[in-house]
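The values are calculated or read from the model by the stated rules, or taken from the named source; none is laboratory data. Remember, it's a predicted structure, so these values are computed and weren't measured experimentally. Reconstructed Cβ throughout: ideal geometry from the backbone, glycine too, with neighbour counts over all protein chains shown. Quick note on the areas: whole protein, heavy atoms, side chains included, nothing else; ligands and nucleic acids left out. Shrake-Rupley method; radii C 1.70, N 1.55, O 1.52, S 1.80 Å.
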Amino acid sequence: MRVITEWPASARAWERCRQSLAGGVSTGLRAQMRPHPIFFSHGQGSSITDVDGNTYVDYVLGWGPLILGHSHPGVVAAVGAQLPQGQTFGSGHLAEYAVAEQVCAAIPGVERVLWSNTGTEAVQVALRLARAVTGRWKFLKFEGHYHGWSDQVLVSYQAVEEGRPKLTSRGQNPSALDDVLVAPWNDAEQVAALLRDRDVAAVICEPVLCNSGVIPPADGFLARLREVCDETGTILVFDEVITGFRLAYGGAVERYAVRPDLVVLGKAIAGGFPLSAVGGRADIVDQVTEGVVHAGTFNGNPIVLAAASATLGELRRDGVYDVLEKRAATLADGFAASLRGHGVAAAVHHVGPVVQCSPGVVRVGSLADFLAADWEFYDALSVELLRRGVFVLPRGRWYLSTAHDDRDVADTLAAFDAAVEAVVRDRD
Ligand SMILES: Cc1ncc(COP(=O)(O)O)c(C=O)c1O
């Protein structure tokens, strides 16, 4: 197996980039990548090639959007056909409703859709709709859940103080803490207690806590959330920016058979293009016709909607999600066996095509378990994987696309075993 020892062109680009681009990265999270952000020239299917000419099996997938892999021919053709027809019209066009109809058909309970560009924006409009329809200001989120980087939701994400909301960023307005309540994930009774005063507009959650350990909802937990929201007149929002069109065609709503009032979509919906959406009950979403402001120059432009239409067409095919699930299980089982074989304690599991590998702990059932994992070991592992042609996210999460095949999985498992061996050897 070839082992890469240096990335000279990437290192030069990283050096140069930091002189003009703040921090050298276009989004802060990418600065965590080890040994430093790698610079890429192109991607095709499940593989991605860096500026030094190395090719990797890609499990980063643009941090989630590339559910069909890089440059899927159907997406490329759809966008290519639209490009000479215009980029944005600033008025209506037919794909706006055609793709909205696809989303309504995909997700149970979605009667109406709003288009926007990023998950952060869509979360903002979902909370605004919930506040407008309830006349309440507070909202409840869960510790460790990520809903974008706006002041109001960037609370109790990576660092938490038990029971008390905690700001995440310097420069974040402390007034963000005035309107937010936080609860531990999977603690339904604490949610019920916090909603008792009937002054909370919305409960928002990642229905599977993908951003902090891929922690699924406990049995019956989402149904219990639905119940307490109904009892207290609170709007239930599923932030499906990661899970939407990924855990199933109808996302977590389909997989767990619980209907929220609003769903936030992003990432996978447009197969790599910047599109997000809020979908849900018509009486709530239609508040935009009654004074709730929802705006955006690029909302619903024909390029991203062409990409979305092609992506959803591919994902609707029979058996797509079964194959993703099967390959994720093979990867997770292989990772667990390899780590066990090298005497490394680890928790490995997957929910649909999202795999989580957390060394140093035996189970990740809570945010505390996730934070307690041995992330130094994982950082070292991710560098050894990179050296062996496998590109992964920090903090243990792996995304699979429909472009990954059995060969990719087999190559990855071989590289993984060699990488674990190298890290263990270096530590001894
Ligand atoms: C669950 C969740 N919600 C919202 C967001 C924000 O989306 P965006 O980065 O498109 O603003 C993310 C981004 O990773 C996310 O994972």
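Yes or no: the range 153-169 includes at least one residue that is of a type outside the set (Gly, Ala, Ser), open to solvent by less than 10 Å² (accessible area, probe 1.4 Å) and in contact with a helix residue (DSSP H, G or I) (Cβ under 8 Å, 6 or more places away or on another chain). Working first, answer last.
Taking the range 153-169 as the starting set, the residues that turn out to be of a type outside the set (Gly, Ala, Ser) are 153-155, 157-158, 160-162, 164-168.
Narrowing further to those that are open to solvent by less than 10 Å² (accessible area, probe 1.4 Å): 153, 155.
Now restrict to residues that are in contact with a helix residue (DSSP H, G or I) (Cβ under 8 Å, 6 or more places away or on another chain): 153, 155.
Yes.
Any residue in the range 272-285 that is open to solvent by 10 Å² or more (accessible area, probe 1.4 Å), away from the ligand (no atom under 16 Å from the Cβ) and in a loop (DSSP other than H, G, I, E, B)? It would help to see each step written out before you state the result.
The initial filter retains those residues of the range 272-285 that are open to solvent by 10 Å² or more (accessible area, probe 1.4 Å), namely 272-274, 281-283.
Retained after the next criterion (residues that are away from the ligand (no atom under 16 Å from the Cβ)): 281-283.
Cutting the leftovers down to in a loop (DSSP other than H, G, I, E, B) gives us 281.
Yes, there is a match, as at least one residue in the range 272-285 is open to solvent by 10 Å² or more (accessible area, probe 1.4 Å), away from the ligand (no atom under 16 Å from the Cβ) and in a loop (DSSP other than H, G, I, E, B).
Give the residue, chosen from 202, 193, that is within 16 Å of the ligand (Cβ to nearest atom) and more than 19 Å from the chain's Cα centre (by Cα). Can you show your working first?
Numbers: 193 fails: within 16 Å of the ligand (Cβ to nearest atom).
Criteria check complete, one pass: 202.
Starting from the range 5-27, keep only residues that are more than 16 Å from the ligand (Cβ to nearest atom), then list their pairs with residues that are in a helix (DSSP H, G or I) and polar (S, T, N, Q) whose Cβ atoms are within a distance under 6 Å, requiring at least 6 positions of separation or different chains.
Listed pairs, sorted by first residue: none to list.
Hey, can you tell me all the residues within the range 54-90 that are open to solvent by 60 Å² or more (accessible area, probe 1.4 Å), within 26 Å of residue 113 (Cβ to Cβ) and at pLDDT 95 or above?
Within the range 54-90, 76, 77, 81, 83, 85, 87, 88, 89 qualify.
Filter the range 373-396 for residues that are within 12 Å of residue 212 (Cβ to Cβ) and among the aliphatic types (A, V, I, L, M) and give the result.
Once the filter is applied, which keeps residues that are within 12 Å of residue 212 (Cβ to Cβ) and among the aliphatic types (A, V, I, L, M), the range 373-396 yields only 373.
If you take the residues of the range 211-238 that are open to solvent by 10 Å² or more (accessible area, probe 1.4 Å) and within 16 Å of the ligand (Cβ to nearest atom), which of them is nearest to residue 349 (Cα to Cα)?
Ranking the qualifying residues of the range 211-238, first place goes to 216.
On the basis of being without any contact (Cβ under 8 Å) to a residue 40 or more places away in the chain and closer than 24 Å to residue 131 by Cα, does residue 225 make the cut? Reasoning before the result, please.
Numbers: without any contact (Cβ under 8 Å) to a residue 40 or more places away in the chain: yes; closer than 24 Å to residue 131 by Cα: yes.
Against the criterion (without any contact (Cβ under 8 Å) to a residue 40 or more places away in the chain and closer than 24 Å to residue 131 by Cα), residue 225 qualifies.
Among the numbered criteria (1) open to solvent by less than 50 Å² (accessible area, probe 1.4 Å); (2) within 23 Å of residue 311 (Cβ to Cβ); (3) more than 16 Å from the ligand (Cβ to nearest atom), which single criterion is violated by residue 50?
(2)
Out of everything in the range 305-357 that is part of a strand (DSSP E or B) and of a type in the set (Gly, Ala, Ser), what residue ends up being farthest from residue 271 (Cα to Cα)? Even if it seems obvious, please write down each step before you answer.
Looking only at the range 305-357, we keep the residues that are part of a strand (DSSP E or B), and these are 346-351, 354-357.
From what's left, of a type in the set (Gly, Ala, Ser): 346-347.
Details: 346: 32, 347: 30 Å.
By that ranking, first place goes to 346.
Looking for something farther than 20 Å from residue 385 by Cβ, at pLDDT 95 or above and open to solvent by less than 40 Å² (accessible area, probe 1.4 Å) - is there at least one such residue anywhere in the range 349-362?
Yes, the range 349-362 contains at least one residue that is farther than 20 Å from residue 385 by Cβ, at pLDDT 95 or above and open to solvent by less than 40 Å² (accessible area, probe 1.4 Å).
Looking at the range 194-210, can you tell me whether even one residue there is surrounded by fewer than 24 Cβ atoms within 10 Å (Cβ to Cβ), free of Cβ contacts under 8 Å to residues at least 40 places away in the same chain and on the phi < 0 side of the Ramachandran plot?
Yes; the residues of the range 194-210 include at least one that is surrounded by fewer than 24 Cβ atoms within 10 Å (Cβ to Cβ), free of Cβ contacts under 8 Å to residues at least 40 places away in the same chain and on the phi < 0 side of the Ramachandran plot.
Looking at (1) open to solvent by 50 Å² or more (accessible area, probe 1.4 Å); (2) of a type outside the set (Gly, Ala, Ser); (3) within 16 Å of the ligand (Cβ to nearest atom), which one does residue 120 not meet, given that it meets all the others?
(1)
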